[in-house]
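First up is the structure itself, then whatever we jot down about it.
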Amino acid sequence: MDTLDMPYGMLIKKMYCHKCGTQLTEQLLYNEYHQKRLECGFSFLSFYIRLRPKTRREYYYIYKCPKCGNKISYSNQCKIEQVQKKLNKKILDEADLDRFMIIM
Ligand SMILES: [Zn+2]
């Protein structure tokens, strides 16, 4: 079964792009894993074992800026939000990020 968890904070908070100040939108992405699953059974009185390819997808959300196209993970955006609140501005420059030791 594929899993899909949107972080709770993503549902309730409005986040803003630190590059242009636009409100960010959520974007659903996924990683795809290819696995083989061993399957065995009977057919016409003979026993068989075969490998069945199985694709598994892991979904996750990121934030995307509709204006400048900036993409950022939820955890990084949470760090950005803290700095935006502290400095009381939405747009942050490199120096601001360095000061709060935010590594993208
Ligand atoms: Zn932006």
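None of the figures in this text is laboratory data; all of them are computed from the coordinates on show. Just so it is clear, the model here is predicted, and its values are computed rather than measured. Cβ coordinates were reconstructed from backbone atoms using ideal geometry, including for glycine residues, and neighbour counts include every protein chain displayed.
Once phi is turned into ³J(HN,Hα) by the Karplus curve 6.51 cos²θ - 1.76 cosθ + 1.60 with θ = phi - 60°, what whole-Hz value does each residue of the range 51-59 show in order, with x for glycine and proline?
The phi angles translate into 9, 10, x, 9, 10, 10, 10, 10, 8 Hz.
Would you list, by chain and number, the lysines whose Cα falls below 22 Å from the Cα of residue 19, excluding same-chain residues fewer than 8 positions away?
Filter leaves 64, 67, 71, 79, 85, 86, 89, 90.
Rounding to the nearest 10 and keeping the result within 0 to 90°, find how far the Cα-based axis of helix 74-87 lies from the longest principal axis of the chain.
Helix 74-87 sits at roughly 10 degrees to that axis.
For the chain, modelled as a Gaussian network with Cα springs under 10 Å, which listed residue fluctuates most, 12, 72, 62?
Comparing 12, 72, 62 in a Gaussian network model of the chain, the most mobile one is 12.
Relative to the compact-globule scaling 2.2 N^0.38 Å, provide the ratio for the alpha-carbon radius of gyration of the chain.
Its radius of gyration relative to the 2.2 N^0.38 Å reference: 1.68.
Between residue 28 and residue 13, how many nm apart are label points set 7 Å from Cα along the C-beta direction?
That separation, rounded to one decimal, is 2.2 nm.
How far apart, in nm, are two points set 7 Å out from the Cα along the Cα-to-Cβ line at residue 103 and at residue 87?
2.0 nm
Quick one: what are the phi-derived ³J(HN,Hα) couplings along the range 25-38, Karplus 6.51/-1.76/1.60 with θ = phi - 60°, whole Hz, x for glycine and proline?
With the stated coefficients, the range 25-38 comes to 10, 7, 10, 8, 10, 8, 9, 10, 10, 9, 10, 10, 10, 6 Hz.
Can you give the charge dipole size of the range 8-99 about its Cα centre, rounded to the nearest 20 debye, using +1 on the beta carbon of Lys and Arg and -1 on the beta carbon of Asp and Glu?
Approximately 180 debye in magnitude.
Residue 14: which aspartates and glutamates have alpha carbons under 14 Å from its alpha carbon, excluding same-chain residues fewer than 8 sequence positions away?
Excluding near neighbours in sequence, the set is 26, 81.
Report, ordered by chain and residue number, the lysines lying within cross-link reach of residue 36, taken as a straight Cα distance under 17 Å and ignoring same-chain residues fewer than 8 apart.
Correct list for residue 36: 54.
Helix-only estimate, please: 222 nm mean residue ellipticity of the chain, summing -39500 (n - 2.57) across DSSP H runs of length 4 or more and dividing by its residues, to the nearest 500.
Details: 3 runs with 25 residues, N = 104.
The per-residue figure over the chain is -6500 deg cm²/dmol.
From Cα pairs below 8 angstrom and at least 6 apart in sequence, can you work out the relative contact order of the chain, rounded to a whole percent? Provide the component values of the computation, followed by the final result.
On the way: 151 pairs, mean separation 31.8, N = 104.
RCO, the chain: 31 percent.
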